[in-house]
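Working notes, beginning with the structure itself.
The values are calculated or read from the model by the stated rules, or taken from the named source; none is laboratory data. Just so it is clear, the model here is predicted, and its values are computed rather than measured. With ideal geometry, Cβ positions are generated from the backbone for all residues, glycine too; neighbour counts draw on all protein chains shown. Only protein heavy atoms, including side chains, enter the accessible area calculation; ligands, DNA and RNA are left aside. Shrake-Rupley method; radii C 1.70, N 1.55, O 1.52, S 1.80 Å.
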Amino acid sequence: MTAARTCGSGGGVILAIETSCDETSAAVVRGGKEVLSNLVSSQVETHRRFGGVVPEIASRKHVESITLMMEQAVAESGLSLKDVDAVAVTQGPGLVGSLLVGLAAAKALALALDVPLIGTHHIAGHIYANRLIGEMLYPAVALVVSGGHTELVVLEREGSFRIIGRTRDDAVGEAYDKVARALNFPYPGGPHIDRLAMEADDVNELPRAWLEPESYDFSFSGLKSAVLAEINKARMKGEPPMRPALARGFQESVIDVLVTKALRAAEEFGARQLLLCGGVAANRGLRGTLTAACEARGLPLLIPPLSLCTDNAAMIGAAAHLKWVRGEFTPLDAKADPLLSLEAWSVKD
């Protein structure tokens, strides 16, 4: 590789690739903040018939579209491949077959262009999607809520991640999908529950799992079981379940625990800012409640727009820039890592 393209100086034009699950995405991001293009090809319609993501089908769909997505991302950026300073790709966590497709494409392109490869952590991408909309202040606390992750992360400085709480069973997104399935909503179920909860006049009060008094961990399997118990109780009486009231009760329970623990963490760790990130950050109930709570406490809050909440390559480009400016690159023999550690991915300085 040429010295000019491995020094990590300058704005840094990064071609980013995201294929961790069932979205194929490619983007061009300049300076870690400026999105020049961000294309996403969703597989929702393909997987809906199965009620969830089928890993083998997901990886095959990535193979079909990844090359075209990269070409279109560069074309829509107004730049050319010769302007690319590095290629970033989600290295983990995620579905191993899906990760492999993106990683193989990124390696090939980085080798062909003679530019560095930057293997990037998927959750770091979700967190640094916030950098695409505003200045990030440190120390900060990030509430990560997605299909497979529910975590509280402390960022004491730029690019430094410390997980202080995580789910012990179902992630928020998984709980939403399972409850939605029980209420006969199609996949993905989260938006249906959110809509019904926002429209409901009545509420079926459901329990909150606070766990130990000082714990920042989460648990949603008991809440899911409580919803199923209410559904079964109604069926035993020969009555249809009150879907709006159940959806509202479920959502209020989830939001109460998430918001309470996030605010407590922000206070304990002296956060100058709270960050909401992940696919479930698109939930209107969560966004509204957290916004009101932060305003009442005078705590700055960043929430990405809906287009940057779900999986996308622009967020990978934003996170990869942390490594670019420090010259921390990934060898071309790197492997996909479905269990990649967020804390280990932190920048070195």
I'm checking my understanding of the structure. Among residues of the stretch 78-103 that are farther than 12 Å from A16 by Cα, over 22 Å from the mean Cα position of the chain (by Cα) and among the small types (G, A, S), which one is most open to solvent (accessible area, probe 1.4 Å)? G78
What tally of residues in the stretch 286-320 results from selecting those that are part of a helix (DSSP H, G or I), open to solvent by less than 10 Å² (accessible area, probe 1.4 Å) and either at pLDDT 95 or above or in contact with a Leu (Cβ under 6 Å, 6 or more places away or on another chain) (or both)? 11
Pairs please, first residue from the stretch 111-132 and charged (D, E, K, R), second anywhere and part of a helix (DSSP H, G or I), Cβ atoms under 6 Å, 6+ apart in sequence or on different chains. R131/A318
Would you check if there is a residue in the stretch 267-279 being among the small types (G, A, S), at pLDDT 95 or above, assigned to a helix (DSSP H, G or I) and farther than 30 Å from L99 by Cα? no
Just checking, does the stretch 65-72 include any residue being surrounded by fewer than 16 Cβ atoms within 10 Å (Cβ to Cβ), part of a helix (DSSP H, G or I) and without any contact (Cβ under 8 Å) to a residue 12 or more places away in the chain? yes
Being of a type outside the set (S, T, Y), within 15 Å of the chain's Cα centre (by Cα), open to solvent by less than 10 Å² (accessible area, probe 1.4 Å) and farther than 17 Å from I316 by Cβ, is that true of even one residue in the stretch 155-171? yes
Output the number of the condition that K323 fails; it satisfies all remaining conditions of (1) more than 12 Å from G279 (Cα to Cα); (2) at pLDDT below 95; (3) not small (G, A, S). (2)
Name the residues in the stretch 330-349 that are under 25 Å from E156 (Cβ atoms), in a loop (DSSP other than H, G, I, E, B) and open to solvent by 60 Å² or more (accessible area, probe 1.4 Å), would you? L339, K348, D349
Could you tell me which numbered condition G119 fails, if it satisfies all but one of (1) buried (at least 24 other Cβ atoms within 10 Å of the Cβ); (2) in a loop (DSSP other than H, G, I, E, B); (3) of a type outside the set (S, T, N, Q)? (2)
Expected output for the stretch 280-293 (first residue of a type in the set (S, T, Y), partner in a helix (DSSP H, G or I), Cβ below 7 Å, 6+ apart or cross-chain) is T289/I255; T289/V259
In the stretch 49-64, how many residues are over 12 Å from T19 (Cβ atoms) and either in contact with a strand residue (DSSP E or B) (Cβ under 9 Å, 6 or more places away or on another chain) or open to solvent by less than 20 Å² (accessible area, probe 1.4 Å) (or both)? 1
Hey, can you tell me all the residues within the stretch 238-258 that are out of contact with any Gly (no Cβ under 9 Å at 6 or more places or on another chain) and open to solvent by less than 10 Å² (accessible area, probe 1.4 Å)? L246, A247, G249, F250, S253, V257, L258
Pairs, please: C-beta under 6 Å, at least 6 apart or cross-chain, first residue under 19 Å from L117 (Cβ atoms) and in the stretch 333-345, second open to solvent by 40 Å² or more (accessible area, probe 1.4 Å)? A336/V96; A336/L100; P338/V96
Limited to the stretch 132-162, what total is found for residues that are closer than 18 Å to G94 by Cα and in a strand (DSSP E or B)? 4
For the stretch 19-48, what are the residues that are open to solvent by less than 10 Å² (accessible area, probe 1.4 Å), of a type outside the set (S, T, N, Q) and at pLDDT 95 or above? A26, A27, V28, V29, G32
In the stretch 179-215, residue nearest to K233 (Cα to Cα) [restricted to those that are of a type in the set (S, T, N, Q) and open to solvent by less than 90 Å² (accessible area, probe 1.4 Å)]: N204
Are there any pairs with C-beta distances below 6 angstrom linking a residue in the stretch 232-243 that is within 15 Å of V179 (Cα to Cα) to a residue that is assigned to a helix (DSSP H, G or I), with the two at least 6 apart or on different chains, and if so which? P241/I231; P241/A234
Which of the numbered conditions does S160 fail, given that it passes all the others? Conditions: (1) hydroxyl-bearing (S, T, Y); (2) closer than 19 Å to R48 by Cα; (3) modelled with pLDDT of 90 or more. (2)
Which residue, of A75, A106, A58, is at pLDDT below 95 and not polar (S, T, N, Q)? A58
